[in-house]
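Structure first, then comments.
The values are calculated or read from the model by the stated rules, or taken from the named source; none is laboratory data. The structure displayed is predicted, hence computed values, not measured ones. Using ideal geometry, Cβ is built from the backbone for each residue, glycine included, and neighbour counts are taken over all protein chains shown.
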Amino acid sequence: MLAVNLSELLDGPLPGVEEALDLVAGFDDALVHGLARLGEDRAAALSALAGALAGSPLGVRAGEAAEKIAAGSVTDEHLSVLAGGRAALFGAVHDALLGRLDGALGRARAPWEASPSAASSGADNLLAGCRSWLHELAITGWRGVDHDLVSAADQTIEALLAVPGLRRTAVLLDGLAAELRASSPIATMERLPARRWADLWTRALLLSQPGGPAAAVPEPAATVSGRLLLLGVDVHEHGTAVQIQVHAVLEPADGGPARLVRASVAAPKVDTIVGPALWRLLQWHPVLLGALAEHRSLDITDQPILDSGDLVWHDDRAEAGEPADPFATARVLLGGALAPAVPPLDRHPVRISEPVLVEGYTAAADGGEVTFDLGGRPLAVDVERLPSCGPLTPELVAASTACIGLVRWDGGRWALQPLAVQATVKRKPVTAHNGDWALGPTDPKVMKAEAKAGDSVAVLRERAGRLLRP
């Protein structure tokens, strides 16, 4: 039944989505070449973006900002208004897409009610330093960025990292600077990740606005207790960090309705640690890892939770419960669980990541690409996101008959990212989850390869210990 509902996503494009994305693309192209060198076409692109906001509270200010920038006057205020307009357009696209997805799934979603939070005190000078660097990037354009301009952010980033409440902004700025530094000289690049860099620039500029709470690390809105039933885990791997994001259904202890929540933990790493060894970096969360590997529920007590539905995970506030099959949880509880609201700054289509159960499809593989046929309509399966630290493979997904996954919208289309599958391999039923190897691999071939390669995490820790000894 769910597969039939998901097929509604493939009915065709939503009205206005393509037009909104075209307006954003025009603004992003202006950032590529720099706002100091606007020609008629790029000035028209800024005016078109401002025109799309005419009926919004930003309308008048956006029109003035586009006019002034086209005339050669680029101020922090003008940039902030247009960045806000760009974010608003993406927010509208996000809401339209998520609304269609919720409608297809029959999923109820909580309204956004932000908890009050105090703005960071005494940090306006640091935020001004952020805006100054972002201002220079916008004027220069990505094509004109060099090592000197990238290095100009180092002192500000270092100062931001020293303030715990501003580390979200600091890490974002540091990531953008690192990408620009690694890509320099950008002028010689054939293709630029224009949308990605513009996304990072926009978010950083909005986070660094003076007198507002946006830059501060979000504070938990409340605490929750109850039974946590895990659905699956999404592994985010980077050369210098790894994060696991667990999607689950919470049955509150107070008898309230079941709700969708997430729990994330992360650790720094080096790029030589890959595959199943990644789990050893997260060994400080044994209760969570054990529940993933053994398919158990968790009894949580007073876990802090953000307005976005994200648990601020404390392993010592969780206890392993009874065995709980994620597929049974998905079949019984997922359809009626209340989805969390989306924070304003997270309203971007690329951040859509909704857990679903899909059954009754026909899987097909062609040249490394996998699709699920939902009643005659193909749904792309994003097998490139399958982590190297789990047992899921494209071949196993292509042999599956049921899948727990995350519905995403990226590159102008809907796709499903598998978290777990049920399949038939050599006439035997097989169930595999991304988190099955959280306590170590269970596949004999992988175990043999791991034993032969040795424990890279232990070796690196031992070598680091030597370096730190007096």
Residues located in the range 247-268, provided they are in contact with a helix residue (DSSP H, G or I) (Cβ under 7 Å, 6 or more places away or on another chain) and in contact (Cβ under 8 Å) with a residue 60 or more places away in the chain: VAL249, ALA258
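From the list ALA50, ALA44, ALA96, which one is in a helix (DSSP H, G or I), among the aliphatic types (A, V, I, L, M) and buried (at least 17 other Cβ atoms within 10 Å of the Cβ)?
Details: ALA44 fails: buried (at least 17 other Cβ atoms within 10 Å of the Cβ); ALA96 fails: buried (at least 17 other Cβ atoms within 10 Å of the Cβ).
Going through ALA50, ALA44, ALA96 in turn, just one is in a helix (DSSP H, G or I), among the aliphatic types (A, V, I, L, M) and buried (at least 17 other Cβ atoms within 10 Å of the Cβ): ALA50.
Look at VAL397 and say whether it is outside the structural domain of VAL287 (by TED's automatic domain parsing), at pLDDT 90 or above and of a type in the set (Val, Ile, Thr). It would help to see each step written out before you state the result.
Working: outside the structural domain of VAL287 (by TED's automatic domain parsing): yes; at pLDDT 90 or above: yes; of a type in the set (Val, Ile, Thr): yes.
For VAL397, the condition - outside the structural domain of VAL287 (by TED's automatic domain parsing), at pLDDT 90 or above and of a type in the set (Val, Ile, Thr) - is met.
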In the range 266-279, the residues that are buried (at least 19 other Cβ atoms within 10 Å of the Cβ) and closer than 23 Å to LEU229 by Cα: TRP279
Residues of the range 389-445 classified as of a type in the set (S, T, N, Q) and either crowded, with 21+ Cβ neighbours inside 10 Å or within 19 Å of the chain's Cα centre (by Cα) (or both), total: 3
Selected residue (only one of PRO323, PRO344 is loosely packed, with under 15 Cβ neighbours inside 10 Å, farther than 30 Å from GLY12 by Cα and touching a residue at least 24 places away in the same chain (Cβ under 8 Å)): PRO323
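How many residues does the range 238-265 hold that are surrounded by 13 or more Cβ atoms within 10 Å (Cβ to Cβ), among the polar types (S, T, N, Q) and in a loop (DSSP other than H, G, I, E, B)?
The initial filter retains those residues of the range 238-265 that are surrounded by 13 or more Cβ atoms within 10 Å (Cβ to Cβ), namely 241-253, 258-265.
Still in the running and among the polar types (S, T, N, Q): 243, 245, 264.
Now narrow it down to the ones that are in a loop (DSSP other than H, G, I, E, B): none.
Residues that pass the stated criteria total 0.
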